[in-house]
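Down below is the structure, laid out as structure tokens.
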Amino acid sequence: MSLPAAAAPRGEPVPGDAATLAPAAPGRLGVAVTVEEAARYLPALERWVAARRTELDALDRAALASPHGAGATDDLLLSMALWKSVADRTALLGATWAGGRVGPVERERLSTLVWGRLDTRVTAPGPSGGLGETAAGLAVSLPEACRLSDALVASLRVRLGLDLSAAEVTARLRALRAQLERIREQVGTEPPGTHQQQGSATAARLARRLAEVGDKAGRGGDVDGLLGPLEIEASTVERDLIVGAARRREAASRLERARALRSQLEAREAALEQLVRDCVDAVDPAPRYAVPDVSALGPVPNTPALLETYLGRLEQVSRAMAVVQGAYGQALRDHEELVARLDALRAKAAALGVADQPDLRRAHALAAETLARRPCPSAIAAQLVALYVSYLAAATDPREPRAVPSAPRTPEEPHP
């Protein structure tokens, strides 16, 4: 099990560290977020995505090393799928945000991207905690996906034995209280009837167990054996409530879903067009994919048969947009990696005291100038960075000095 490649920084978490919790999302669907809210939320969400990637890597390794790791495979797969969906949506939010250069239209798009349905085929957990059927287009918003990821990771950490430090009892009790409050709020959104009554009874039972654990911890008792099962059950309950609410919304109105999905795809289309422009301006050759035109699908029908077909077309457009985002996003990341590699090589040369050698200076100038072009010829830039690597290797060869071939002359340099 491994996560898809991402530009997020990787690190080794210390087993037992408290899990990262997703930031609270601003606004609501249909209400444009303010610039101040977006400026606070987007960096916090990017940090959460990077930290969650690191946590899932650590949990994956822990599952492989644990004799009980096979039982965590389903939740790990679901957690990875959720992370990928949130990471993709975060990239679109960043493209729309454009460093804060947003107006009323962009702020409405930000709100739609935050609170609209994620584009993913999430495999929903079954009643027993394992994976159930694949829920195509499960109506989970970005904040709900983050909360679901938090709940799954909390359960996985306990199941794999990463949260057994007595020093964390206070933090874990605090997290359980916050989780219980979220469960109560989610139960309040359940339709009146048996399900809501069962949810209220479950929340009350969890609250009693939490109070008993808190009292015992306050008296200095050992609560490690009590916290783990309580955390797993609370995470399972919260997860089931979130998924159940998503499924109810999905079944409530296909027409509403089609309209919402179309609106979200239009917001994604605008964000992707900006991403494509950025890529075409930055690299050459850029990928040659067209951004799907949502308006070409025509208006949303209101008959069941036509609506089912229309939803299928919307899903096709969504998958096509994912291909476009992957291609152009990768091209931009490749260019950024070349720039970062040249900077790192230059720093290495300076540390070794050879950066000012004529050949290295000319090779660096050629590579830096080529990378700074708009658009940058990617193939030539990659070759020039490789040339700088060769010159640096020759300049730092521990064997006896030998002549280093001169860097290629630019047209402005006279022949000797």
Which length gain, in nm to one decimal place, applies between residue 308 and residue 337 when the Cα-Cα distance is subtracted from 0.36 nm times their residue separation? 6.1 nm
Nearest 20 debye, what's the magnitude of the dipole of the stretch 266-348 about its Cα centre given +1 on Lys and Arg Cβ and -1 on Asp and Glu Cβ? 260
If you take the Cα Rg of the stretch 166-252 and divide it by 2.2 N^0.38 Å, with N the number of residues, what do you get? 1.20
Relative contact order for the stretch 166-252: what is it in percent, counting Cα pairs under 8 Å that are at least 6 residues apart? 40
Tensor-based shape of the stretch 26-108 (alpha-carbon gyration tensor, a/c under 1.5 rounded, otherwise prolate or oblate): prolate
Mind checking the full-extension length gain between residue 357 and residue 255? Use 0.36 nm per residue of separation minus the Cα-Cα distance, one decimal, nm. 29.9 nm
Rg in Å to one decimal, and Dmax rounded to a whole Å, for the stretch 313-398 via C-alpha atoms: 17.4, 63
Check each of the trypsin sites (Lys or Arg not before Pro) in the stretch 251-340 and keep only those in coil by DSSP with at most 11 other C-beta atoms within 10 angstrom; list them in order. 288
If R0 = 45 Å, then residue 386 and residue 290, at their Cβ-Cβ distance, give a FRET efficiency to the nearest 0.05 of 0.90
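With r as the distance between the Cβ atoms of residue 29 and residue 184 and R0 = 25 Å, compute the FRET efficiency 1/(1 + (r/R0)^6) and round to 0.05. It would help to have the intermediate numbers written out before the result.
Details: r = 23 Å, r/R0 = 0.90.
It comes out at approximately 0.65.
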Around residue 335: net Lys/Arg minus Asp/Glu count, Cβ-Cβ under 12 Å: -2
For residue 283, what residues show an amide H to amide H distance below 5 Å, using hydrogens built from the backbone and excluding near sequence neighbours? 376
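Computed from the coordinates by the stated procedures, all read-outs in this text should not be read as laboratory data. Owing to the predicted nature of the structure, the values given are computational and were not obtained by experimental measurement. So basically every Cβ, Gly included, is an ideal-geometry build from the backbone, and we count neighbours across all protein chains shown.
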